[in-house]
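To start, the structure itself, in structure tokens.
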Amino acid sequence: MSELDDAEEFVAQRARLKAIAYRMLASDSDAEDVVQEAYIRWRDRGDREVESSASYLATVVVRLCIDELRSARARRESYVGPWLPEPVLVEEVGPADAAVLADSLSQAFLVLLEELAPVERAAFLLHDVFDYPYGEIATMLDREVPSCRQLVSRARHRVGERRRRFDADEHAGRELAERFLSACSTGDIEGLLDIVAEDVVVWTDGGGKVKAALNPIYGASKSARFLVAIAHDVPATAEIRPETVNGQPGFLFVEDGVVTVAMSLEILDGRIVGVRAITNPDKLVHLAR
């Protein structure tokens with residue numbers, strides 16, 4: 001291949017590679033770094049024969065992600081307050097293909113994946129989300145096929161026990177999000193209680209860099225009071241943009257062109273069961289691009 005052909009082939013694979021890397025790392029910035037490193041290795045591979053460019057590039061990305069996850073674990077163990085994935089807007093991940101499901105983007109799903117070992121996470125995502133056959137996964141992970149089957153089965157069991165499938169009706173979800181925003185901004189606690197579930201949970205991720213609750217808020221009453229209280233801290237000049245954040249209805253709060261909050265709502269059976277608000281500025285920089 002010529003250098004131009006290499007670049008064109010990489011561009012053709014890029015959206016899928018980024019989608020894999022983001023779900024592996026739950027960080028847009030880290031995923032971008034991995035994809036860039038994969039391109040460098042692809043470009044500099046020399047005369048090495050590659051049977052399938054798609055498989056070669058996916059293998060490079062997966063192995064880089066596994067290495068990155070192993071080093072990230074120690075950092076996350078010392079994280080201040082609840083750790084949440086770096087948020088993405090649906091458009092930023094790219095359409096990739098039919099296997100890249102919006103459901104696998106949710107903050108709740110990505111948090112569950114944190115409980116898996118890096119190789120487990122890779123095998124599970126490659127098979128259950130991206131539909132790679134076990135033979136190809138075995139090559140990527142340098143393992144035997146039976147081992148990969150076991151990894152996927154174990155991960156599926158651990159994730160499946162706690163995984164929730166949120167409502168997929170986009171129109172209904174956006175209407176509920178608008179009611180949620182109106183109730184928070186007007187201090188309407190009763191209005192909030194009408195739309196949140198009894199077991200609703202609110203997570204705020206400030207990373208110790210900005211004000212945020214250090215523990216999740218559980219239950220409808222406490223959550224409603226907390227949400228109304230923090231809504232009072234939002235400057236009147238802030239712009240609140242409705243967005244689809246990690247595949248869920250949500251909002252971006254923007255002050256002087258800077259995104260200060262990314263919020264997603266988890267909706268199940270017509271009620272809000274989870275609110276995840278990311279205020280750590282390090283996790284929001286890419287949203288201003």
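Each value in this text was obtained by applying a stated rule to the coordinates, not by laboratory testing. The model shown is predicted, which means the values in this text are computed figures rather than measured ones. Note: ideal-geometry Cβ built from the backbone for every residue, glycine included; neighbour counts use all protein chains shown.
Before moving on, here are some points about what is shown:
- Rel. contact order, % - alpha carbon contacts under 8 angstrom, at least six apart, the chain: 19
- Relative contact order %, the range 170-288, counting alpha carbon pairs below 8 Å whose residues are six or more apart: 27
- Charged-residue dipole, Cβ positions (Lys, Arg, Asp, Glu), the range 1-67 about Cα centre, Debye nearest 20: 300
- Global form of the range 1-87, assessed from the alpha-carbon gyration tensor, a/c cut-off 1.5: prolate
- Across the range 170-288, Cα-Cα distances exceeding 21 Å account for 32% of all pairs.
- Three-way shape call for the range 154-217 based on the alpha-carbon gyration tensor, with the a/c threshold at 1.5: oblate
- Candidates L252, A231, L214 compared by Cα position along the dipole of the range 188-289: farthest toward the positive end lies L214, with charges placed on Cβ.
- Evaluating 6.51 cos²θ - 1.76 cosθ + 1.60 at θ = phi - 60° for every residue in the range 180-196, the Karplus couplings come out as 4, 5, 4, 5, 5, 6, 9, x, 8, 5, 4, x, 5, 4, 6, 10, 9 Hz, glycine and proline recorded as x.
- Cα long-axis angle, helix 220-231 against the chain (0 to 90 degrees, to the nearest 10): 90
- Virtual spin-label span in nm between R225 and D103, 7 Å along Cα→Cβ: 3.7
- Evaluated with a Cβ-only charge set (Lys, Arg +1; Asp, Glu -1), the chain carries a dipole of roughly 1020 debye about its Cα centre, given to the nearest 20.
- Taken over the range 3-160, the convex hull of the Cα atoms encloses 114 Å³ per residue.
- Shape category assigned to the chain from the gyration tensor of Cα positions, a/c cut at 1.5: prolate
- CD proxy at 222 nm, helix term only [per DSSP H run n ≥ 4: -39500 (n - 2.57); per residue of the chain; nearest 500]: -15500 deg cm²/dmol
- Reach of K211 by Cα under 21 Å, taken over lysines that are not fewer than 8 positions away in the same chain: K222, K283
- Relative packing of peptides 62-69, 226-233, 45-52 - highest average C-beta neighbours within 10 Å first: 62-69, 226-233, 45-52
- When each of the peptides 210-222, 172-184 is scored by how many other beta carbons lie within 10 Å of its residues on average, the order from highest to lowest is 172-184, 210-222.
- Farthest toward positive dipole pole in the range 3-160 [+1 Lys/Arg, -1 Asp/Glu at C-beta], among S29, Y56, P118: P118
- Sequentially through the range 136-144, phi angles give Karplus couplings (6.51, -1.76, 1.60; θ = phi - 60°) of 5, 4, 4, 5, 4, 9, 6, 9, 7 Hz, Gly and Pro residues having no value and appearing as x.
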